[in-house]
């Protein structure tokens with residue numbers, strides 16, 4: 001059962017009270033990445049969920065460092081997973097490109113996925129390009145994930 005519906009069924013609390021109770025419960029729950037609760041890491045307050053005799057005595061500073069290492073390890077794992085599918089393409093000013101249109105899921109079966117070719121007008125960063133889309137010489141900022149080279 002969802003926490004908010006359970007709390008709401010148990011009493012006639014106002015939504016701000018229910019939201020606070022849910023937030024408190026979340027802040028006292030062990031995080032899957034850091035392996036510690038946010039309340040413990042921020043304030044040194046142990047959760048009331050686990051009986052006190054089950055806690056192992058440890059240093060808050062060491063636990064914060066361990067939580068940081070756990071978070072960093074998880075970040076690197078996610079980064080390598082995302083980078084596996086990353087295109088290592090570098091476009092130059094004046095290159096012709098196709099621009100992907102919107103969400104592939106929200107289009108008709110025979111609608112085109114891309115438009116183009118369009119000219120790259122400027123490189124704003126390694127991932128953002130200014131592209132002339134052709135309508136009234138209007139330029140748009142486009143993320144590299146939405147660009148495909150025109151051969």
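Throughout, read-outs are computed from the coordinates displayed, never taken from laboratory work. Predicted, not measured: the structure shown is a model, and the values here were computed from it. Note that we place each Cβ from the backbone using ideal geometry, even for glycine, and neighbour counts take in every protein chain shown.
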> Where does each of 93, 18 land when they are ranked from fewest to most other beta-carbon atoms within 10 angstrom?
Replying inline: 93, 18
>> Could you identify which residue out of 30, 115, 77 has the top mean-square fluctuation in a GNM of the chain using Cα springs shorter than 10 Å?
In response: 115
>> Below 8 Å between Cα atoms, with a sequence gap of 6+, how large is the relative contact order for the stretch 61-119 in percent?
In response: 30
>> Relative contact order of the stretch 81-151, please, whole-number percent, based on alpha carbon pairs below 8 angstrom and at least 6 residues apart.
In response: 31
> Going by how many other Cβ atoms sit within 10 Å of their own, how do 118, 43 line up, fewest first?
Replying inline: 43, 118
>> Rounding to the nearest 10 and keeping the result within 0 to 90°, find how far the Cα-based axis of helix 15-27 lies from the longest principal axis of the chain.
In response: 90
>> At a 10 Å Cβ-Cβ cut-off, how would you order 91, 151, 36, fewest neighbours first?
In response: 151, 91, 36
> Using the Cα gyration tensor of the chain, with a ≥ b ≥ c the square roots of its eigenvalues, what is the shape: rounded (a/c below 1.5), prolate (a/b larger than b/c) or oblate (neither)?
Replying inline: prolate
> So what's the angle, to the nearest 10 degrees on a 0 to 90 scale, between helix 60-84 and the longest Cα principal axis of the chain?
Replying inline: 30
>> Compute the distance from the alpha-carbon center of the stretch 125-140 to that of the stretch 79-113, in whole Å.
In response: 14
> Classify the stretch 96-149: rounded, prolate or oblate, from the alpha-carbon gyration tensor (a ≥ b ≥ c, eigenvalue square roots; a/c under 1.5 rounded; otherwise prolate if a/b is larger than b/c)?
Replying inline: prolate
